[in-house]
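Input: a single structure, listed below in structure tokens.
The values are calculated or read from the model by the stated rules, or taken from the named source; none is laboratory data. Here the structure is a predicted model, which means the values were calculated and not measured. A quick note on method: Cβ atoms are made from the backbone with ideal geometry, for glycine too, and the neighbour counts reach across all protein chains shown. Just the protein is used for accessible areas: all its heavy atoms, side chains included, with ligands, DNA and RNA removed. Shrake-Rupley method; radii C 1.70, N 1.55, O 1.52, S 1.80 Å.
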Amino acid sequence: MRNPMHTSTSPTAAPSAAHDAASPPTRQLAAFAAGLRFEDIPPPLVEQIRLHILDGIGVCLHGASLPWTRRLSDMVLAEGGNPAASLWGHGSADKAMTSVSQAVLVNATAGHAFEMDDIHKESILHPNSLAVPVALALAQTLPGTTGRDVLTAIVAGYEVGTRAGNAATTALFLNGFHPQGVTGTFVAAATAGRMLGLDANAMTHALGIAGSMGSGLMAAQEGAMVKRLHAGRAAQSGVYAAYLARRGFTGIENVLEADYGGFLSSYARAPRMERLTEGLGTQWEAGEVGFKMYPNVTSMHAALDAFDHLRSTHGLGPDDIERIEVGCGHMTYVHVAWPYRPVSVTAAQMNLFYGLSVLALRGRLTVDDYDDDHIGDPTVLDFMRRIHPFEDERIESRGAAFRHAATMRIVTRSGACMSHDVWNRRGSPENPVARHEVEAKFFSSVAGRVADDTARRIAHLVHRLDTLASADELAALL
């Protein structure tokens, strides 16, 4: 089943968003981002992106209060800066203002601070924790910015960044790099460049600068706070890139396709270059972004869905279960099936053993299960011995499109066996959730962080974003 809000095609690219197919890919993407108009975006995609913006604001506000974000914001406020943009969720605006680059450093870190930001499967990017903070921070500095300007810039960022990630393939990740910090700079640079009104040439240089500024190592997933910072640094780098390009600073004009020292040749070795521009302006990668419905890494969501189905269908309690066998693709196995140690919330959120054990023992998996008081629960650690992940060739043979899939077999202590496979996780474009479920996630994310009436007003404004003459009220509420 396809998402009813998903739009994969539009009959033709509008003239303003058209690109010269004979140009190098970096220039084609730059011209597309610079020329994109709100009118070019199919209405169903506008509706979907509004939900991604609401979701992005929710996860940023939730993450703003977490210890790793607070350490960063304390540093930024101590350093000081031109008070141009707000730190979200940090109290009155006059006490939590800093420069745009510092604001997005903090706000994007907050967006990736609790593994709840959205997910584009092929590129392995979480674009709303990058594009939303960048667009709204810049809106605070650009008088006359409309809601349509914000939405258009966010779509531009989604399209450019995910296409760079698609071309890089999963090789970038398997080589040990964190796509959010590495490829995410292109999301941020295209969003910022579109907000600043860069022309195609300046946008080319913005992308060429951004490609040199991405960084992030996947070893961070095993416990380091720095994983959250990867998103913040990518957002900040994208803003720097756009600001510098506006001032005539030059970047690598063929940054994506350069044979030696280019982004793709360096990170991916054997990239799929055609994925950079395939269907550009008619096939919308922004429509291929899904939502996270568990507060942990996406790669385990299908396994959690499969277990929850078997648990509820057969009335299984933790004492009934002898063995859980979980089939994964190679990338998912590498990503989440490593031996768990209760060293941090980050490690717990990235680990299949922890997530499945908590779901089996408690019958649910929420943000409350990911805090320092729970991640070392001896009962949870003991249950992990019953979980046996393996690389399933049935999944691997279907290719990268099914890398989030999971197969599951449960053996009970009475000797019964039951199985269930989930090929598309709940919240993915192929297995979508309804608008009210995304809204419920937003209100849950911000509960206790902003007043109820403020949350309702934020949601109201976001749902009307493309009709707003100004984004000022929305920015102020954050």
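How about segment 418-465: which of its residues are more than 19 Å from the chain's Cα centre (by Cα), open to solvent by less than 10 Å² (accessible area, probe 1.4 Å) and β-branched (Val, Ile, Thr)?
Listed by number, the list holds a single entry, 458.
Which members of segment 388-412 meet the condition of being in a loop (DSSP other than H, G, I, E, B) and surrounded by 15 or more Cβ atoms within 10 Å (Cβ to Cβ)?
392, 403, 404, 405
Among helices (runs of 4 or more DSSP H) lying entirely in segment 198-317, which contain 1 or more residues that are modelled with pLDDT under 95 and buried (at least 24 other Cβ atoms within 10 Å of the Cβ)?
Result: empty, no element qualifies.
For residue 385, are the conditions met, namely being outside any strand (DSSP E or B) and within 21 Å of residue 330 (Cβ to Cβ)?
The answer is no for residue 385.
Out of curiosity, is residue 132 assigned by the TED database to the domain that holds residue 283, hydrophobic (A, V, I, L, M, F, W, C) and under 13 Å from the mean Cα position of the chain (by Cα)?
Yes, satisfied.
Looking at 323, 364, which is the one that is without any contact (Cβ under 8 Å) to a residue 24 or more places away in the chain, open to solvent by 10 Å² or more (accessible area, probe 1.4 Å) and of a type outside the set (Ser, Thr, Tyr)?
Going through 323, 364 in turn, just one is without any contact (Cβ under 8 Å) to a residue 24 or more places away in the chain, open to solvent by 10 Å² or more (accessible area, probe 1.4 Å) and of a type outside the set (Ser, Thr, Tyr): 364.
Which of the residues that make up segment 329-361 are in a helix (DSSP H, G or I) and either basic (Lys, Arg) or open to solvent by 20 Å² or more (accessible area, probe 1.4 Å) (or both)?
Across segment 329-361, the qualifying residues are 330, 333, 334, 353, 361.
Would you mind stating whether residue 33 is under 30 Å from residue 257 (Cβ atoms), crowded, with 23+ Cβ neighbours inside 10 Å and in the same structural domain as residue 109 (by the TED database)?
yes
Which residue, of 472, 382, is without any contact (Cβ under 8 Å) to a residue 60 or more places away in the chain and exposed (fewer than 15 other Cβ atoms within 10 Å of the Cβ)?
382
Tell me yes or no: at least one residue of segment 68-75 is over 22 Å from residue 450 (Cβ atoms), basic (Lys, Arg) and touching a residue at least 12 places away in the same chain (Cβ under 8 Å).
Looking through segment 68-75, none of the residues is over 22 Å from residue 450 (Cβ atoms), basic (Lys, Arg) and touching a residue at least 12 places away in the same chain (Cβ under 8 Å).
Residues to consider are 407, 412, 454, 366; find the one that is among the polar types (S, T, N, Q) and within 30 Å of residue 143 (Cβ to Cβ).
None of the other options fit; the residue is 454.
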